[in-house]
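Here is the structure we will look at, set down as structure tokens.
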Amino acid sequence: MPTGIVNVTLPRFGDHYEWNKVVTCVHNVLSQQRYLEHYGEVIIRNLNSNACTCKITFVKSRYWGSDTNKNEVQGIVLDQTGSVIHRFGGLWHEGIFCDTFPTPQCIWKPNPQPNDHYLYYGFSNFALELNELTPGLKPLLPPTDSRLRPDQRMLEDGRVDDCDTFKEEVEDKQRERRKQLAKKGQEHKPRFFKKAMDSSGREVWLTNGTYWKFRENPGFANTNNLELW
């Protein structure tokens, strides 16, 4: 179950939006017909303005229902008095429509799914490209970048058995590092992030501003790095 709060700032407009995450469930993990289901309520707020608030409900599907009942979304936009000013709904894999305009309008529509997406966890083209590693980018990355993780690449290439074996080795190394730190009474300190409190008193992780500086000078190839795999 994903946790935490998502924050998006739009400096040009002076807006700072935040919203919570819903439950994400993976169905049919052991078969080829895997699919994701999201359910729960999302509240979207603008921390710099109380002009409106958005509530979105991801409806949990019924196991005995048809595919047309999956991925249903219902939402409302409220003004600062709590009155509903817009209603919208639809299926998040097809499109979302607002029916409070003079003429109902499609306000969001996903891009078409790539070929054989069922074989790749239902990932969109965007999700598939997140792990892409170009020749020009590879020398610039720290060796701890997840795109360099061998078992992740093995899984993407279909080498499932090799992936499982290597994954166990990586996790054994992680446990051993934690054990050694515990013996010394130490804790792992993130290199590029710091813990802080947000305006609501919640604990959050923020960038410490060093990643791009290290990348430019002296470069990650010239720094001491953890051997993760």
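No lab work stands behind these numbers, since they all come straight from the coordinates. It should be emphasised that the depicted structure is a prediction, and the values quoted were computed from it without experimental measurement. Here the Cβ is made from the backbone with ideal geometry for all residues, glycine too, and neighbour counts use every protein chain on show.
Observations on the model:
- Across all directions, the average flat footprint of the convex hull enclosing the Cα atoms of the chain is 18.0 nm².
- Cut-off 15 Å between beta-carbons: net charge of the residues surrounding P190, Lys and Arg +1, Asp and Glu -1: +3
- Other-chain or far-sequence residues with amide H under 5 Å of D15's (modelled H): L10
- Sum of -39500 (n - 2.57) over DSSP H runs of 4+, divided by residues of the chain (222 nm, nearest 500): -5500 deg cm²/dmol
- Stretch gain in nm, segment R159-V84, where the contour uses 0.36 nm per residue and the Cα spacing is subtracted: 21.8 nm
- Local charge for L137 was computed over the other residues whose Cβ lies under 14 Å away, with Lys and Arg +1 and Asp and Glu -1, and equals 0.
- Centre separation in Å (Cα based) which lies between the stretch 123-191 and the stretch 74-107: 41
- Taking every C-alpha pair closer than 8 Å and separated by at least 6 residues, the mean separation divided by the residue count of the stretch 133-229 gives a relative contact order of 35 percent.
- Sequence-separation-based contact order of the stretch 1-130, relative, with Cα cut under 8 Å and 6+ spacing, percent: 15
- 10 Å Cβ shell holding at most 11 others, DSSP loop, trypsin sites (Lys or Arg not before Pro): longest site-free stretch of the chain: 63-183
- Among F88, F58, F193, residue whose mean-square fluctuation peaks in a GNM of the chain (springs only between Cα atoms under 10 Å): F193
- The mean sequence separation of alpha-carbon pairs under 8 Å and at least six residues apart, normalised by the residue count of the chain, gives a relative contact order of 10 percent.
- Extreme residue, positive dipole direction of the chain, given options N208, L140, C54 (C-beta unit charges): N208
- Dipole moment magnitude, nearest 20 debye, the stretch 133-229 about Cα centre, only Lys, Arg, Asp, Glu C-beta charged: 660
- The stretch 133-229 shape via C-alpha gyration tensor axes, a/c threshold 1.5: oblate
- Anchor K213: aspartates and glutamates whose Cα lies under 19 Å away (excluding residues fewer than 8 positions away in-chain): D145
- Local electrostatic count, L47, Cβ distance below 15 Å [Lys/Arg +1, Asp/Glu -1]: -1
- Across K60/K195; K109/K195; K109/K189; K21/K189, pairs whose alpha-carbon gap is larger than 30 Å: K60/K195; K109/K195; K109/K189
- Footprinting exposure proxy for L181, L155 (fewest neighbouring C-beta atoms within 10 Å first): L181, L155
- In terms of its C-alpha gyration tensor, the stretch 38-174 has a prolate overall shape, because the principal axis ratio a/c (a ≥ b ≥ c, square roots of the eigenvalues) is not below 1.5 and a/b outweighs b/c.
- Most positive-pole-ward Cα, H27, F126, V84, against dipole of the stretch 6-132 from beta carbon charges: V84
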